[in-house]
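These notes concern the structure reproduced below.
The values are calculated or read from the model by the stated rules, or taken from the named source; none is laboratory data. Not measured: the values here are computed from a predicted model. Cβ placement follows ideal geometry from the backbone for every residue including glycine, while neighbour counts extend to all protein chains displayed. Only protein heavy atoms, including side chains, enter the accessible area calculation; ligands, DNA and RNA are left aside. Shrake-Rupley method; radii C 1.70, N 1.55, O 1.52, S 1.80 Å.
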Amino acid sequence: MSVTSLDPAIAARLKRTEDGLVPAVVQQHDTGEVLMLAWMDDEALHRTLTTGTATYWSRSRGEYWVKGATSGNTQRVVSVALDCDGDTLLLRVEQTGAACHTGDRTCFDAGRLL
């Protein structure tokens, strides 16, 4: 992960995992539909806040990825909020195409457990 330019006031509010990550719940801005969960470090959050395009840290690939850069299924960021504990981000986005890597609209289409 790289050196960040994240605003120090924002960085100070984040509670990260041992590997420096914060979970990001991603929601369709106008319907409230939960689309996916991803991970961000300070640099991914900085890139997201400055570009308006969702950027995440891929734990499996060990690199940053801009949602939709290869698939075309983009996320234009409408807002970013931090929860009361500082340990989870909520991204409200305008999703174009599928949010899930499986091609489903949401990563939560696999079926209800209850």
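Whole number in Å², please: accessible area per residue of the chain, 1.4 Å probe, ligands, DNA and RNA not counted. Could you put the intermediate results ahead of the total?
Details: 6640 Å² over 114 residues.
Ligands and nucleic acids excluded, the result is 58 Å² per residue.
In deg cm²/dmol, rounded to 500, what helix-only [θ] at 222 nm does the chain give when every DSSP H run of at least 4 residues adds -39500 (n - 2.57) and the total is split over its residues?
Numbers: 2 runs with 16 residues, N = 114.
Calculated from helices alone, the mean residue ellipticity at 222 nm is -4000 deg cm²/dmol.
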Cysteines without a disulfide-compatible partner [the chain; Cβ-Cβ under 4.7 Å]: CYS84
DSSP loop trypsin sites (Lys or Arg not before Pro) with at most 12 other Cβ within 10 Å: longest gap in the chain: 62-111
Phi to ³J(HN,Hα) by Karplus 6.51 cos²θ - 1.76 cosθ + 1.60 over the stretch 60-67, Hz, x for Gly, Pro: 6, 9, x, 7, 6, 9, 8, 4
Sparsely packed GluC sites (Glu not before Pro) within the stretch 1-90, loop by DSSP, other Cβ within 10 Å at most 13: GLU18
Whole-Hz couplings from phi, Karplus 6.51/-1.76/1.60, listed for the stretch 84-92; x for Gly and Pro: 4, 8, x, 10, 8, 9, 10, 9, 9
The chain, accessible surface, carbon-and-sulfur percent (1.4 angstrom probe): 53
Structure-derived Cα extents along the principal axes in Å: which label, when the choices are [x] 46, 28, 20; [y] 60, 43, 25; [z] 38, 32, 27: [z]
